[in-house]
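Here's the structure we're looking at; comments come further down.
Readers should treat all values here as calculations from the given coordinates under stated rules, not as data from a laboratory. No experiment lies behind these values; they were computed from the predicted model shown. Note: ideal-geometry Cβ built from the backbone for every residue, glycine included; neighbour counts use all protein chains shown.
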Amino acid sequence: METSLSSEPTIELAEALQLLQSATRMLTGVALRSLEVLDGAVTLSQFRMLAVLADLGPARSARVAEALGLEPSTVTRVADRLVAAGHVTRGGEPGHRGVVTLALSASGHHLVRKVATWRQQELARMLGQLTAADQALVTAALRQLLAVGEGYGVVSRTLVPAAVRPGE
């Protein structure tokens, strides 16, 4: 169903939009609260970079900037803090002196795993309060929403970061 911004949304669409706004606030709350398990080790913006690096693996800083939707100079400043804290390593590419690469250190991997594990447990607790049929409906709806919402925080098609996938 498509609607233009100039037309009045139907009652059903208006309710869906309101519910999505509420769900966004709830999921943002889960994401923010999950950082509490790190006891202030990193800020939200620093964790975003760690999470992107967990998805991308070692990457050029320009690619990290693109994935985060940030200017390269901002990525450099955030990376400087993460390198100083020991959560990220900085490197280069042989033959390309101007290329800077970023990668998670063991400490950075640990932080991402810790947050991802807490988030999975909290979301599983919430989903566990639904019936199996309702869980299936939520899964189907989220799958459809993710398919049309490309570019909003999803770096790859991998829904569970490699850092927390079973067997890896």
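Determine the percent antiparallel among the DSSP beta bridges restricted to the chain, to the nearest 5.
100 percent
Assuming a ≥ b ≥ c are the square roots of the Cα gyration tensor eigenvalues, decide whether the stretch 86-141 counts as rounded (a/c under 1.5), prolate (otherwise, with a/b larger than b/c) or oblate. Taking the square roots of the gyration eigenvalues as a ≥ b ≥ c, the stretch 86-141 is oblate. Membrane-span-like helices of the chain, defined as complete DSSP H segments with a Cα extent of 30 Å or more along the helix axis and a mean Kyte hydropathy of at least 0.5, are identified as 11-34. For the peptides 126-135, 44-53, 106-115, the ranking by mean Cβ contacts within 10 Å, running from highest to lowest, is 44-53, 106-115, 126-135.
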